[in-house]
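The values are calculated or read from the model by the stated rules, or taken from the named source; none is laboratory data. All figures in this text were calculated on a predicted structure; none of them were measured in a lab. Backbone-built Cβ (ideal geometry, glycine too); neighbour counts: all protein chains shown.
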Amino acid sequence: MRGLDRVEGGRRGWSMLPLVLLVLALIDLRVELILLWDHFTLTSLTAAVRSHLLAVAVLVSQPSLWHHYRRSRG
């Protein structure tokens, strides 16, 4: 039981991780988002996704991350 308490206690300190990852992903995608806002094409969207795959994966996984870390706090 003691090991489980240590894991749960350690996870509480990471409650802001989804927010930090979201901010970092948006900073990484900043230029591409501006370009897409100015002139949206399917080619520019594909290029943005292919060149920033990790940032896009973080954005797609945000609901799961928020659910996981919100549940572990309670």
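Okay, here's what the table says:
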{"quantity": "Residues of the range 1-30 satisfying the condition of being at pLDDT below 95 and outside any helix (DSSP H, G or I)", "calculated": "M1, G13, W14, S15, M16"}
{"quantity": "Inter-residue pairs, beta-carbon under 6 Å, first hydrophobic (A, V, I, L, M, F, W, C) and in the range 17-33, second modelled with pLDDT of 95 or more and not in a helix (DSSP H, G or I), 6+ apart", "calculated": "L29/H52"}
